[in-house]
Amino acid sequence: MGKIGVCVIGGGRAGMIHAVNFVKNVQGARLTAIVDPAGHVAESACTQLGIDTYYLDYKQALEDKNTDAVVIVTPTKFHAEIAVSAAKSGKHILCEKPMAMTVGECQEMNRAAAENGVILQIGFMRRFDAGFVQAKEIVDSGAIGDVVMVRSNTRGPSVPQPWMYDLQKSNGPLAEVGSHDIDTLRWFSGSEFRTVYAIGGNYRSPEAKTDYPDFYDNFIVAAGFENGMQGMIDGAQGVGYAYDSRVEVLGTRGCVFIGRLNDSAIVTCAADSKHGSYPMVSSWTKLFKEAYLNEDIAFIESITNGTPPRATGLDGEMAVKVVAAGNRSIIEKRIINIT
């Protein structure tokens, strides 16, 4: 088999991370094209990547015989349409999170992939991060006893984009920010969510309150799992201080801590200050840079070897299911029984 031709659909930050990987760092793959409806974005991406081909419509890319696989990095509302069309065109799929807007869309994507014999991998890059992988091995070894509780937080420094204010179009921060945390809890607990109780509030986005009173930029989730374990998630947008992604896995005989705030091992202490300081992680693009690369490599290996991906369509579907339950819990102010 020759090199796998990959087309990246979406020329934004995440799309360019994947695109650069396929140009420079993923053996057995080559970047065939970029798709973006904004012509200037597509042209700029091609210049940066050193390729010639771009499309303004993903349907044109699916007709390209040089393309064997697509990476979907568009707004969530377009994921299902593009993924189903790609599957029917025989293209393998790496779809960024959130997988889709509804559980029904996720099921349609999974069905299309199965019926057309293509790989469908979901972009839960934490499963490919060296620290997370090592922590999972420690937990599975029994070093901390039986897992009792998994707690995960993701707090982003940047303010929400206006398109996120309408929960009917974005599914809110629980989807955009919390999808990785939901998958982390499922991964480390080895179980499915049974109950969800979530609360949310708008503390940093006053401009959204009049037209979108249900919007929240801060949320907390308490969860019970089918195997009896417990889970906690806290998520936020617009915190300013850093990109803060940390996880604790508590067992009967110990705890595993994953993640950090400091961006390097350097601590600065100055004479005019009584406090030391260190540079903090500024963006997910830096913190998980290697994880994205490992994710892309694994995608190509799944295609080449015909093996199931590490983050499957079912994983994506279950995360969307929890997002829906969490948003319902916030609105109805009650515990939601998922099963």
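The values are calculated or read from the model by the stated rules, or taken from the named source; none is laboratory data. These numbers come from a predicted model, not from an experiment. All Cβ positions, glycine included, derive from the backbone under ideal geometry; neighbour counts span all protein chains shown. Areas reflect the complete protein model, heavy atoms only, side chains present, ligands, DNA and RNA absent. Shrake-Rupley method; radii C 1.70, N 1.55, O 1.52, S 1.80 Å.
Within region 20-35, residues that are closer than 13 Å to Gly2 by Cα have Cβ atoms under 6 Å from residues that are charged (D, E, K, R) and surrounded by fewer than 24 Cβ atoms within 10 Å (Cβ to Cβ) in these pairs: Gly28/Lys3; Ala29/Lys3; Arg30/Lys3, counting only partners at least 6 apart in sequence or on another chain.
Considering each of Glu63, Glu137 in turn, give the residue that is over 20 Å from Ile9 (Cβ atoms) and open to solvent by 20 Å² or more (accessible area, probe 1.4 Å).
Numbers: Glu63 fails: over 20 Å from Ile9 (Cβ atoms).
When all the criteria are applied, what remains is Glu137.
Please work out if Thr74 is touching a residue at least 24 places away in the same chain (Cβ under 8 Å) and either of a type outside the set (Ser, Thr, Tyr) or closer than 24 Å to Met164 by Cα (or both). Against the criterion (touching a residue at least 24 places away in the same chain (Cβ under 8 Å) and either of a type outside the set (Ser, Thr, Tyr) or closer than 24 Å to Met164 by Cα (or both)), Thr74 qualifies.
Being of a type outside the set (Ser, Thr, Tyr) and either open to solvent by less than 40 Å² (accessible area, probe 1.4 Å) or within 18 Å of the chain's Cα centre (by Cα) (or both) is the filter here; which residues of region 179-191 pass it? Give the derivation first.
Taking region 179-191 as the starting set, the residues that turn out to be of a type outside the set (Ser, Thr, Tyr) are 180-183, 185-188, 190.
Once the filter is applied, which keeps residues that are of a type outside the set (Ser, Thr, Tyr) and either open to solvent by less than 40 Å² (accessible area, probe 1.4 Å) or within 18 Å of the chain's Cα centre (by Cα) (or both), region 179-191 yields His180, Asp181, Ile182, Asp183, Leu185, Arg186, Trp187, Phe188.
Restricting attention to region 41-54, does a residue exist that is surrounded by fewer than 22 Cβ atoms within 10 Å (Cβ to Cβ), within 29 Å of Val103 (Cα to Cα) and either of a type in the set (Phe, Trp, Tyr) or out of contact with any strand residue (DSSP E or B) (no Cβ under 6 Å at 6 or more places or on another chain) (or both)? Scanning region 41-54, I find no residue that is surrounded by fewer than 22 Cβ atoms within 10 Å (Cβ to Cβ), within 29 Å of Val103 (Cα to Cα) and either of a type in the set (Phe, Trp, Tyr) or out of contact with any strand residue (DSSP E or B) (no Cβ under 6 Å at 6 or more places or on another chain) (or both), so the answer is no.
Residues in region 201-217 that are of a type outside the set (D, E, K, R) and open to solvent by 40 Å² or more (accessible area, probe 1.4 Å): 5 in all. Note on region 263-317: residues that are open to solvent by 50 Å² or more (accessible area, probe 1.4 Å), assigned to a loop (DSSP other than H, G, I, E, B) and among the β-branched types (Val, Ile, Thr) amount to 3. Does at least one position in region 143-156 carry a residue that is of a type in the set (Gly, Ala, Ser), modelled with pLDDT of 95 or more, outside any helix (DSSP H, G or I) and more than 20 Å from Lys97 (Cβ to Cβ)? Checked region 143-156: at least one residue is of a type in the set (Gly, Ala, Ser), modelled with pLDDT of 95 or more, outside any helix (DSSP H, G or I) and more than 20 Å from Lys97 (Cβ to Cβ).
How about region 156-178: which of its residues are closer than 17 Å to Ser283 by Cα, buried (at least 20 other Cβ atoms within 10 Å of the Cβ) and not hydrophobic (A, V, I, L, M, F, W, C)? Please lay out each step first, then the result.
So in region 156-178, the residues closer than 17 Å to Ser283 by Cα come out as 156-161, 173, 176-178.
Among the residues that remain, those that are also buried (at least 20 other Cβ atoms within 10 Å of the Cβ) are: 156, 160, 173, 176-178.
Passing the criteria: Gly156, Pro160, Pro173, Glu176, Gly178.
Per this entry, Ala223 is counted among residues that are hydrophobic (A, V, I, L, M, F, W, C), closer than 15 Å to Leu174 by Cβ and either open to solvent by less than 60 Å² (accessible area, probe 1.4 Å) or in a strand (DSSP E or B) (or both).
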